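Before any comments, here is the structure.
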Amino acid sequence: MSNNLNCRVRSMLASDLEQVLEWRNHSEIRHYMYTQHKITLDEHINWYKKASNSPERYLLIFEINNIPTGFININKIKNSNIADWGFYVAPDSEKGTGKMLGITVLNYAFKVIKLHKICGQALSYNVPSAKFHTSLGFTQEGLLRDQHFDGQSYNDVAHFGLLANEWKISENKL
Ligand SMILES: CC(C)(COP(=O)(O)OP(=O)(O)OC[C@H]1O[C@@H](n2cnc3c(N)ncnc32)[C@H](O)[C@@H]1OP(=O)(O)O)[C@@H](O)C(=O)NCCC(=O)NCCS
């Protein structure tokens with residue numbers, strides 16, 4: 001993918017709701033989420049009303065050349081500069097889109113929000129997410145056994161962490 005692309009993140013708006021719901025309900029995304037049922041528009045709107053009013057949360061849209069291409073949820077632990085993140089790229093995006101989203105969001109998280117640490121969690125069968133995290137410089141800090149029940153079986157959950165000073169080093173190598 002060309003390096004001349006204009007990548008940025010911006011706050012999610014109510015006008016993004018339908019697009020984000022379409023991505024979130026796509027089978028290739030749902031399969032890797034903790035809640036895997038098809039989310040209704042009402043459920044989605046209620047989630048947005050609550051989440052967008054929380055001072056600890058950043059609901060973000062990733063854009064390439066002004067085209068919405070992914071969603072990111074950064075959730076700060078109260079009274080700290082540590083946050084969890086969740087994300088997905090628009091299904092059928094070109095290879096390399098995730099990496100661009102990761103770099104853009106981590107720059108925002110460490111340089112604009114000024115986080116000290118960002119944490120990711122992935123179901124153990126989510127190989128793309130594990131590779132995505134490690135290729136951005138995250139360390140796998142733990143593997144919680146049988147931590148998630150999907151209605152049929154239990155799955156392990158891998159925990160990843162990246163510190164602000166590690167991002168400075170990692171960013172220069174990407
Ligand atoms: C995880 C996700 C953001 C990665 O985005 P992407 O555009 O597919 O990733 P990229 O093509 O930029 O690749 C980024 C890294 O992930 C790896 N990767 C991507 N798809 C992969 C796959 N299917 N299998 C194994 N590794 C994969 C790449 O090898 C690359 O690592 P590298 O730079 O060391 O080669 C994307 O697949 C996604 O949205 N998945 C569904 C939602 C999800 O799982 N979110 C995370 C929940 S924890």
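The values are calculated or read from the model by the stated rules, or taken from the named source; none is laboratory data. Everything quoted here is computed from the prediction, not taken from an experiment. Positions of Cβ are backbone-derived with ideal geometry, glycine not excepted, and every protein chain shown enters the neighbour counts. These accessible areas exclude ligands, DNA and RNA; they are computed on the full protein's heavy atoms, side chains included. Shrake-Rupley method; radii C 1.70, N 1.55, O 1.52, S 1.80 Å.
Given the options Trp47, Tyr125, Gln140, identify the residue whose Cα lies farthest towards the positive end of the charge dipole of the range 7-173 (+1 on Cβ of Lys, Arg; -1 on Cβ of Asp, Glu).
Farthest along the dipole direction, towards plus: Gln140.
Do the sum for the chain: with -39,500 (n - 2.57) for every DSSP H run of n ≥ 4, divided by all residues, what is the mean residue ellipticity at 222 nm, to the nearest 500 deg cm²/dmol?
So the calculated ellipticity at 222 nm is -9000 deg cm²/dmol.
How much length would be gained if the chain were fully extended between Leu41 and Ser11, taking 0.36 nm per residue of separation minus their Cα-Cα distance, in nm to one decimal?
Taking 0.36 nm per residue and subtracting the Cα distance, the gain is 8.8 nm.
Quick one: what does P(r) look like for the range 79-174 with 5 Å bins over all Cα pairs, in whole %?
3, 12, 23, 23, 18, 13, 6, 2, 0
With a 1.4 Å probe and every protein chain left in place, tell me how much accessible area Trp47 has, in Å² to the nearest 10.
About 80 Å², rounded to the nearest 10.
Cα-Cα over 31 Å: which of Lys49/Lys173; Lys117/Lys173; Lys38/Lys99; Lys78/Lys99; Lys50/Lys114; Lys95/Lys168?
Lys49/Lys173
Relative to the Cα centre, what is the charge dipole magnitude of the chain, using +1 at the beta carbon of each Lys and Arg, -1 at the beta carbon of each Asp and Glu, and rounding to the nearest 20 debye?
Using only the charged Cβ atoms, the result is roughly 600 debye.
For the range 107-123, just list the computed ³J(HN,Hα) in residue order, Karplus coefficients 6.51, -1.76 and 1.60, θ = phi - 60°, integers in Hz, with x standing in for Gly and Pro.
After applying 6.51 cos²θ - 1.76 cosθ + 1.60, I find 4, 5, 5, 8, 9, 9, 6, 6, 5, 8, 8, 10, 10, x, 10, 9, 4 Hz.
Work from the charge dipole of the chain (Cβ charges, +1 for Lys and Arg, -1 for Asp and Glu, about the Cα centre) and give the residue of Asn6, Gln36, Ile72 farthest towards its positive end.
Asn6
Could you identify which residue out of Lys114, Lys131, Lys50 has the top mean-square fluctuation in a GNM of the chain using Cα springs shorter than 10 Å?
Lys50
Against the empirical 2.2 N^0.38 Å scaling, what ratio does the C-alpha Rg of the chain come to?
1.01
Please check: in the Gaussian network model of the chain (C-alpha springs, under 10 Å), which one of Glu56, Glu28, Glu43 has the largest mean-square fluctuation.
Evaluated over the chain, the most mobile residue of the options is Glu43.
Read phi for every residue in the range 92-101 and hand back ³J(HN,Hα) as whole Hz from Karplus 6.51 cos²θ - 1.76 cosθ + 1.60, θ = phi - 60°, with x for Gly and Pro.
Per-residue couplings from phi come out as 6, 5, 5, 4, x, 5, x, 4, 5, 4 Hz.
For the range 159-172, what does the Karplus curve 6.51 cos²θ - 1.76 cosθ + 1.60, with θ = phi - 60°, yield as ³J(HN,Hα) per residue in whole Hz, taken in order and with x for Gly and Pro?
Ordered by residue, 3J(HN,Hα) equals 10, 10, x, 9, 8, 4, 5, 6, 5, 4, 6, 4, 4, 6 Hz.
What number comes out for accessible area per residue over the chain if the probe is 1.4 Å? Units Å², please.
58
Share of the chain's accessible area from carbon and sulfur, percent, 1.4 Å?
The computed percentage sits at 50.
Answer rounded, prolate or oblate for the range 44-116, using the Cα gyration tensor with square roots of eigenvalues a ≥ b ≥ c: rounded when a/c is under 1.5, else prolate when a/b is larger than b/c, else oblate.
Here the range 44-116 falls in the oblate category.
Please list the non-local residues whose amide H lies under 5 Å from the amide H of Met12, H modeled 1.01 Å from N, same-chain partners needing a gap of 5 or more.
HN-HN under 5 Å from Met12: Leu59, Leu60, Ile61.
Let me check something: with ligands and nucleic acids excluded, how do Arg145, Arg10 order by accessible area (1.4 Å probe), largest to smallest?
If we order Arg145, Arg10 from most to least accessible, we get Arg145, Arg10.
Amide H neighbours of Gly142 under 5 Å, at least 5 residues apart or on other chains, H built in the peptide plane: list them.
His159
Hey, with R₀ at 25 Å, roughly what FRET efficiency would Lys50 and His26 work out to, going by the Cβ-Cβ distance, to 0.05?
Using R0 = 25 Å, I get an efficiency of 0.65.
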